[in-house]
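Participant: The structure under discussion is supplied below as C-alpha cells; questions concerning it will follow.
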Amino acid sequence: MRSALDKRTVASAPLPAATVDGLSGLAELVAHRGGRCDLADLADELGLDIDDLLPQVDALELLGFATVSGDDLVLTEPGTAFAEADVQTSKTIFADAATEVPLVKLITNSLRQQPDGAVRAGFFRDLLAHHFTSEQVERQLETATDWGRYAELYAYDAGPQEYRLDEGAAETQGEGASRRG
C-alpha cells in the first residue's frame, strides 16, 4: 500500500476544490452518524445534489480520512480522529495527512530546500501548467494554500506571490512529519 502512495504525483492525484472547512464539516457529519453514511441519503437530507459533496469526498479520500464503500462514505481511523479533535489536534492530524498529498508535499519540500524557506508561486504554476489549464492551476494552488495554512506547514504572501515555511515548520524543518506525533 505504501508504494502506491509513493507513486502519486501532482498530475495523478490533483487536489479537489475542497476547503478545510468543507472537509471538516463533512467529516463531522459522518462521524455523528457512526462514521458511515449513505452519500445519496446525506445529500438529500442536506438538500444538495450528490455532485456538490464529491469534491469533499474526494479530498477526504486523498487525505486518507475516508473511503467509499458501495454508496457509503466511511471514515477511517485518522478521519474519525480528525472529525472529533479540537482545533489544535485537528491541525496536527491534518498536517500529517496533507504532507503525503503530492502538491502539498512538493510545496513543503521545496520550501525546506531553500535557505530562506521561501519559493515564488510562479515556480509551482510552471510545474502545474504541464498538466492543468491555467484555471485548474490556480484552483490547485488555492486549495494547496488553504490546506498548507491550516496545517501550519507554510504561509502565502500575496504581495511578492511567494510561499514561506510556517515559523513552526521552519524551526523543525529537518525533523519531518514524524515530529507531529
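The values are calculated or read from the model by the stated rules, or taken from the named source; none is laboratory data. No experiment lies behind these values; they were computed from the predicted model shown. Positions of Cβ are backbone-derived with ideal geometry, glycine not excepted, and every protein chain shown enters the neighbour counts.
Participant: Being in contact with a Phe, Trp or Tyr (Cβ under 9 Å, 6 or more places away or on another chain) and under 30 Å from Phe124 (Cα atoms): is that true of Val20 here? Don't jump to the end; show me each part of the working.
Facilitator: Working: in contact with a Phe, Trp or Tyr (Cβ under 9 Å, 6 or more places away or on another chain): yes; under 30 Å from Phe124 (Cα atoms): yes.
So Val20 passes the test.
Participant: Show the residue pairs that are 6+ apart or on different chains and have beta-carbon atoms under 7 Å apart, the first residue being within the stretch 107-119 and farther than 12 Å from Leu153 by Cβ, the second being of a type in the set (Phe, Trp, Tyr).
Facilitator: Hits for this filter: Ala118/Tyr163; Val119/Tyr163.
Participant: Let me ask something additional. Filter the stretch 11-39 down to the residues that are in a helix (DSSP H, G or I) and either more than 23 Å from Glu84 (Cα to Cα) or polar (S, T, N, Q) (or both) and list them by number.
Facilitator: Hit for the stretch 11-39 is Ser24, nothing else.
Participant: Something else: Of the residues that sit in the stretch 65-97 and are out of contact with any Asp or Glu (no Cβ under 7 Å at 6 or more places or on another chain) and of a type in the set (Gly, Ala, Ser), which one is surrounded by the fewest Cβ atoms within 10 Å (Cβ to Cβ)?
Facilitator: By that ranking, first place goes to Gly70.
Participant: Which one of Glu142, Glu135, Glu167 is surrounded by fewer than 16 Cβ atoms within 10 Å (Cβ to Cβ), acidic (Asp, Glu) and either at pLDDT below 95 or assigned by TED's automatic domain parsing to the domain that holds Ala11 (or both)?
Facilitator: Glu167
Participant: How many of the residues in the stretch 112-121 are surrounded by 11 or more Cβ atoms within 10 Å (Cβ to Cβ), of a type outside the set (A, V, I, L, M, F, W, C) and assigned to a helix (DSSP H, G or I)?
Facilitator: If we filter the stretch 112-121 for residues that are surrounded by 11 or more Cβ atoms within 10 Å (Cβ to Cβ), which is where we start, we get 112, 114, 117-121.
Now narrow it down to the ones that are of a type outside the set (A, V, I, L, M, F, W, C): 112, 114, 117, 120.
With assigned to a helix (DSSP H, G or I) added as a condition, the list becomes 112.
Within the stretch 112-121, residues that are surrounded by 11 or more Cβ atoms within 10 Å (Cβ to Cβ), of a type outside the set (A, V, I, L, M, F, W, C) and assigned to a helix (DSSP H, G or I) number 1.
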